[in-house]
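Here's the structure we're looking at; comments come further down.
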Amino acid sequence: MAAAERSGEAAAADPRRVRNTCILAHVDHGKTTLADHLVASCGDGLLHPKLAGRLRFMDYLDEEQRRAITMKSAAVALRSRSGHRVSLIDSPGHIDFCSEVSSAARLSDSALILVDAVEGVHIQTHAALRQAFVERLRPCLVLNKIDRLITELCLTPAEAYMRLHRIVSDVNSIYSALRSHSYFSLLSALEDNPSSSSSSSTEDLPEDFEDDDDNEDAFQPLKGNVVFACALDGWGFRPQQFAELYARKVGVNPSAFLRGLWGPRYLDKKTGKVVGKKAIKSADPQPMFVEFVLSALWKMYELVLNDGGESKRVKKLVENFQLKIPERELKNKDPKVVLQSIMSQWLPLSDAVMDMVVECTPDPVAAQGFRVTRLMPKREVTPEDDAGCPEVVAEAERVRRCVEACDVSVDAPVVVYVSKMFAVPYKMLPLKGVNGELLNHHGASEPEECFMAFARVFSGVLHAGQKVFVLSPLYDPLKGDAVQKHVQEVELQYLYEMLGQGLKPVASVGAGSVVAIQGLGHHILKSATLSSTKSCWPFSSMMFQASPMLKVAIEPSNPADLGALVKGLKLLNRADPFVEYTVTQRGEHVLAAAGEIHLERCIKDLEERFAKVKLVVSDPLVSFKETIEGGGVGLVERMKAPQEFAERTTPNGRCTVRVQVLRLPNALTKVLEESEQLLGQIIEGKTAKGDGVLDPRLSQDDGNSAATLRQRMIDAIDSELEAISNQVDKEKLERYRKTWLGYLERIWSLGPWQVGPNLLLSPDAKSSDRAITIQDGRQGILVSGSSHVSERLGFVKESDTKDNSNLDNGESAADAPESLHLESLALRNNIVSGFQIAANAGPLCDEPMWGLAFIVEPYLFADGSDAANHFDQYNISSGQVITAVKEACRAAVLQNKPRIVEAMYFCELTAPYDQSGSTYGVLNKRRARILKDEMQEGTSLFTVHAYLPVAESVGFSNELRSLTAGAASALLVLSHWEAIAEDPLFIPRTQDELEEFGDGSSIGPNLAKKLMNSVRRRKGLHVEEKVVEHGTKQRTLAKKV
């Protein structure tokens, strides 16, 4: 025991003896069951082995146990057979809790990717691989539920091998696409034909096994990073275990035998050599993995399930493998119990998985060396900053080097990253400290919860009671006093080692270890960086797979409980990293969640834990966007047609704004949406509005992110042209491409929030008049933009923008007074502000605009009257310019056939074949667009891929379960935005329309108008509708007397 304690202390002190890993997978693929067996075997008595797989130890919330799904990521400290300290983080598989997956991945160095051997690769498997790639984790693969291939599908060993090989190839194909930045094209292909995603087959593999070392596949069973398992029964293996077993039995070299246990490798019985398929002379040869591994498993299952545990053949097998199984277990009447006892001792799951984790997971020293570019990317330091505060720059660089080296020396600065805050009831906290002293938990007498920080130490040694600085993501050490609101000094209270639902007090934690910190509840909202010095750059923000789409307005049943509700909402906002809480202009308290299950859990937490009041919840408030008609060939056709300008003049008459609106290519709009976080960092060093949506193509810091994004924007335009190349002349396409590349050189701003999918284009300096004269004889100039965003992205050089600015000011200097030029420069920010307001609230229903480019031409006129000058000195004209730009942008959208844009889910639905009628009925009722459906090989289940509008998703899962008697299940993942073809403002105007629809009474249901009016009614905007549209004369039933 003393030796074990000393070994544990050494592992805690030496980061090279530490491993940090997380479990990522599709929902119900066995993550928590696997964690149970690892805790039971390596958790120092935290869980009895008999309860593993049934207790769900890591799902400690009542709601998790009731729903049988994981909702919160939880960590537990384990000890491997070799004495390594392993921090295992179990994460949810449901899309509604993707923020918990991001929190777990940020603190890990590797990821266990679980895949169901029957169901194969699903949509959340893609998400797990993408998350691991973005955070630069070393992925390992666990093929779970191998037993279902034997007992449910009744496959032969050869058929099972083909299925397993295809799954490994699918996973390798996805990960290879991520590394080559072609992932999204692969995902589109998978949506159309998921069975063809495999990049290779067994026939395509090389025959010379000496070339295996040069294979670039990420997951290779022969390299030990793939485990074949049945987590429910507690068994699993790697090919290495069978190689050692047969090597001892046959007397061959284990390494040579191992190299034949995957792929088209065959054993020549005469020579005893491993050869390729062409060299084998047997009539029907079997790969060595089938002959020596799968056949042995199949025989074991067949023997035990058919004969029972008391048969002589079973007892002989137990003796041959030297298994110590109690006699009472062998006499059990249930053969499944006997099989579980034999298999879990013959091939212990925990040994295979923990050995893979220790061997394949890099230690924190090695991991942080190649993850530092993602965690703390190098910042651009201008010569002025370097000259002004060289000590701060040098210290910040030293801190970054310590993080990169995982420095645990005494003088190393302490750097900790908090990925989330989680709530623990005060009554659940430990009462005694490390040395048995009583712990004083502040607020323990209050009914509130204690907020813990879910964190990892990346440098130095963190001590309980230590003072550290809390740095928000917006902190900049070079700005000094200007960013004091983003830094605060805090004294930590206690540190805990996390043991699932339990906490163990510790005095200190070294670099590379995961820890829970008490004392930061009032200082961190969701995530932050802790440092012992102010001269430290904050860690980069985490990236989430989706964004909160489902919103509801909540209020207390008793108005007197409003204060308790507001307090509870603030606590919930701190406890859940993905929830968003806002207060509208009407005073509504709006809660945004990722989906229905997430929303239900948030409401339950509010009512039972944080606010403890009865709530009234509104119907879901679904977000929409606004755009104009266009897309595909229509984009080119609209380019050649003369575009009308919308014009607005300020009340004082000094500024006239002319706006023209264009539809962006859909591919370019998608690039701008996916790159919001990167755009925020490129444009003046600002960060995006919130944590970005996960995009693997921009996650790897190659030192030239602007160039990568610039090329992607150009490629987006080219891909749009390629899609319509068969329908449009080549000359028109070239002209269209040249026009849009010119527009990309004139980007003044993005919106809304400075990083949205809408462009503000500066006027064309070459085609616009520099000085104009109108009827009353006043002179005016065109207020030019700065092409600031184009300059940052590298579409134009800084010298070019300066030359254009000089051209703007110089050409008309002789015609316009100097004061007019000074005023035009002052109005630039007002023009951008007006555009931002317009982009955030469109004319249809005050929803954000989407995929639009506004060409704004603001003209400023001279006015010599004293009254005008008197008003301008109080900046009254600034507000008038903002309003004029906003109204002109909205008017331009209205006169170009506006459209409503709705969000679409990608729906992956699984149901038995006999429930297909009910399944399709629910999909058709909710306007789903079915992409494809197919039967799952060897089962009675079929899978449907469809696009489902977010507005129709409320209650979808419940209705599906009720109509299919619980047999069908669906997973919804936010896919894209899609414009509704119908015109929400349609009124018969042309002769043909009047002949078809008359006065409008015969117009059918207008979906776009219905959605627009519902949003306007909710926001309190005017809705044009008749109470009685087509009334008839009232008749009475009363009889005349």
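A count restricted to the range 542-579 and to residues that are of a type in the set (Ser, Thr, Tyr) and closer than 30 Å to residue 975 by Cβ stands at 1.
Residue 128 passes every criterion in (1) within 11 Å of residue 23 (Cα to Cα); (2) in a strand (DSSP E or B) apart from (2).
Does the range 581-595 hold any residues that are at pLDDT 80 or above and exposed (fewer than 15 other Cβ atoms within 10 Å of the Cβ), and which are they?
First, the residues of the range 581-595 that are at pLDDT 80 or above: 581-583, 588-593.
Those that are at pLDDT 80 or above and exposed (fewer than 15 other Cβ atoms within 10 Å of the Cβ): 582, 583.
Select from the range 206-238 the residues that are more than 31 Å from the chain's Cα centre (by Cα) and of a type in the set (Asp, Glu) and write down the one among them that is modelled with the highest pLDDT. Here the residue is 233.
Among helices (runs of 4 or more DSSP H) entirely within the range 789-862, having at least 3 residues that are closer than 16 Å to residue 755 by Cα, modelled with pLDDT of 75 or more and among the polar types (S, T, N, Q) singles out 828-840.
Counting only residues that are out of contact with any Lys or Arg (no Cβ under 8 Å at 6 or more places or on another chain), touching a residue at least 12 places away in the same chain (Cβ under 8 Å), farther than 16 Å from residue 95 by Cα and not in a helix (DSSP H, G or I), the range 587-614 holds 5 of them.
Tell me, which residue of the range 515-551 that is aliphatic (A, V, I, L, M) and at pLDDT below 85 is surrounded by the fewest Cβ atoms within 10 Å (Cβ to Cβ)? Only one residue tops the list, namely 525. Are any of the residues in the range 574-581 within 28 Å of residue 475 (Cα to Cα), assigned to a loop (DSSP other than H, G, I, E, B), in contact (Cβ under 8 Å) with a residue 60 or more places away in the chain and basic (Lys, Arg)? Within the range 574-581, none of the residues are within 28 Å of residue 475 (Cα to Cα), assigned to a loop (DSSP other than H, G, I, E, B), in contact (Cβ under 8 Å) with a residue 60 or more places away in the chain and basic (Lys, Arg).
Condition check ((1) closer than 19 Å to residue 233 by Cα; (2) in contact with a strand residue (DSSP E or B) (Cβ under 8 Å, 6 or more places away or on another chain); (3) surrounded by fewer than 22 Cβ atoms within 10 Å (Cβ to Cβ)) across all residues:
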site	(1), (2), (3)
38	yes, yes, no
44	no, yes, yes
49	yes, no, yes
56	yes, no, yes
74	no, yes, no
82	no, no, yes
95	no, yes, no
102	no, yes, no
106	no, yes, no
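For residue 969, the criteria (1) in contact (Cβ under 8 Å) with a residue 60 or more places away in the chain; (2) more than 23 Å from residue 756 (Cα to Cα); (3) assigned by TED's automatic domain parsing to the domain that holds residue 834 hold in every case but one, which is (3). When you look at residue 103, is it of a type outside the set (A, V, I, L, M, F, W, C), assigned to a helix (DSSP H, G or I) and farther than 23 Å from residue 578 by Cα, yes or no? Spelling it out, it is not the case that residue 103 is of a type outside the set (A, V, I, L, M, F, W, C), assigned to a helix (DSSP H, G or I) and farther than 23 Å from residue 578 by Cα.
Looking at residue 886, is it touching a residue at least 12 places away in the same chain (Cβ under 8 Å), in a strand (DSSP E or B) and not assigned by TED's automatic domain parsing to the domain that holds residue 120? Reasoning before the result, please.
Details: touching a residue at least 12 places away in the same chain (Cβ under 8 Å): yes; in a strand (DSSP E or B): no; not assigned by TED's automatic domain parsing to the domain that holds residue 120: yes.
Against the criterion (touching a residue at least 12 places away in the same chain (Cβ under 8 Å), in a strand (DSSP E or B) and not assigned by TED's automatic domain parsing to the domain that holds residue 120), residue 886 does not qualify.
Within the range 125-148, residues that are outside the structural domain of residue 219 (by TED's automatic domain parsing) reach no partner that is at pLDDT 85 or above and among the aromatic types (Phe, Trp, Tyr) with beta carbons closer than 7 Å at six or more positions or on different chains. Being over 22 Å from residue 949 (Cα atoms), modelled with pLDDT under 75, within 30 Å of the chain's Cα centre (by Cα) and not in a strand (DSSP E or B) holds for only one residue in 643, 677, and it is 677.
The values are calculated or read from the model by the stated rules, or taken from the named source; none is laboratory data. Everything numeric in this text was worked out from a predicted model, so none of it was measured. Every residue, glycine as well, gets a Cβ built from its backbone with ideal geometry; the counts of neighbours run over all protein chains shown.
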